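Some notes on the structure that comes next.
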Amino acid sequence: MLETINCKNCASPVIDNYCSACGHPRLLKRVDGHYIIHEIQHILHFEKGILYTVKGLLTHPGKNIREFITENRNRLVKPIIFIIITSLIYSTINHFFHVEEGYVNYGGKKDSATTQIFAWVQSHYGYANIIMGVFIALWARLFFRKYNYNFFEILILLCFVMGMGMLLFSVFTIAEVLSHTKLMQVSSYIVIAYCTWAIAQFFNGKKVVSYVNSFFAYLLGMLTFALAALLIGFLVDAVFRH
C-alpha cells in the first residue's frame, strides 16, 4: 500500500500511482535521454503524431479537421503545435539555403517600421501564420456564416491548413535546391490551391460556391493582414518622425 500524498497538480489525495481526480502521476520520471527520445517518438508517431496528421490533411483535410473539432482531439497533433513545427521546418530549410532571398524583397528603408515588421514576419513564420490565420478566419466566418462554426473553430482549421502550406513550401524549397530550377513561384499557386480546397472541404466540398468562398476568404485574409502590417508600420513611422 502506497503512502497517501497530495497531488502536485490539483492537491487531491493520491493513494495509487496516478491521481484519481486529474490523472497526474504520483511521481514524475526524471528528464533524461530516454525521456527525450520518447517525446520525439510521440511527436513523430505515425498513428497519433505529425506523420499521421500530415497524411490525413493531404488526403481528407475537411473530414479529419471536422472530426478533431467535434469528435476526437487525440488523433491529430494539436493545431498550434502543428503550425509552429511546420513553420519552423520551413524557416530552418530557408535559413540554410536562402531560397526566399531570390523572391522576397520588401524594399523601403531598412530602418522603417514597415520593413522591420515584414522582416519579423519572415523570421517568425509560426507566430505570423497564426496572426494571418486570424484575418483569414474573419473572412471565412463571413463567407461561411450559415455554417455552425465559430471563429475559434475556423482558426483551428486554418492552423492545420496553413501548417500544411508551410510543409508544401518546404518540399518545393528542397526540390528547387536539388534541381536548380525556379519552383517557389509554382509552389505559391499550389499552396493557394491546397488551402482553397481544404477550407472548402471542411465546410461543404460538394458545392462549387464553397470553393469560390474559400478562395476569396483566403486571399482577402492575406491581403488584409498585409495591409494591417503596412498601416501599423506607417503609423509607427509617423509617430516617431514627429
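Glu176 meets each of the listed conditions (1) within 25 Å of Ile69 (Cβ to Cβ); (2) touching a residue at least 12 places away in the same chain (Cβ under 8 Å); (3) open to solvent by less than 70 Å² (accessible area, probe 1.4 Å) apart from (1). Looking at the structure I just gave you, is Ile136 without any contact (Cβ under 8 Å) to a residue 24 or more places away in the chain, open to solvent by less than 30 Å² (accessible area, probe 1.4 Å) and over 12 Å from the mean Cα position of the chain (by Cα)? No; evaluated as a whole, the condition is false for this residue. When segment 146-157 is limited to residues that are without any contact (Cβ under 8 Å) to a residue 40 or more places away in the chain and within 15 Å of Ala200 (Cβ to Cβ), the one that is most open to solvent (accessible area, probe 1.4 Å) turns out to be Lys146. Residue pairs whose Cβ atoms lie under 9 Å apart, separated by 6 or more positions or on different chains, with the first residue in segment 45-70 and over 21 Å from Ile89 (Cα atoms) and the second among the charged types (D, E, K, R) and at pLDDT 95 or above, are Ile69/Glu153; Thr70/Glu153. Residues considered: Ile36, Ile50, Ile40, Ile81. Of these, the only one that is among the hydrophobic types (A, V, I, L, M, F, W, C) and at pLDDT 85 or above is Ile81. Of all the residues in segment 195-232, those that are small (Gly, Ala, Ser), in contact (Cβ under 8 Å) with a residue 60 or more places away in the chain, surrounded by fewer than 19 Cβ atoms within 10 Å (Cβ to Cβ) and assigned to a helix (DSSP H, G or I) number 1. The condition of being closer than 30 Å to Thr92 by Cα, buried (at least 23 other Cβ atoms within 10 Å of the Cβ) and at pLDDT below 95 holds for Phe169.
Based on what the data block shows, is Ala238 within 21 Å of the chain's Cα centre (by Cα) and of a type in the set (A, V, I, L, M, F, W, C)? So Ala238 does not fit the description; no.
If you check Ile136, Ile192, Ile130 for being assigned to a helix (DSSP H, G or I) and farther than 28 Å from Phe96 by Cβ, only one passes: Ile136. Residues of segment 9-33 that are out of contact with any strand residue (DSSP E or B) (no Cβ under 9 Å at 6 or more places or on another chain), basic (Lys, Arg) and either at pLDDT 85 or above or over 30 Å from Ile83 (Cβ atoms) (or both): Arg30 alone.
The values are calculated or read from the model by the stated rules, or taken from the named source; none is laboratory data. Owing to the predicted nature of the structure, the values given are computational and were not obtained by experimental measurement. Glycine also receives a Cβ, built like all others from the backbone with ideal geometry; neighbour counts cover every protein chain displayed. Quick note on the areas: whole protein, heavy atoms, side chains included, nothing else; ligands and nucleic acids left out. Shrake-Rupley method; radii C 1.70, N 1.55, O 1.52, S 1.80 Å.
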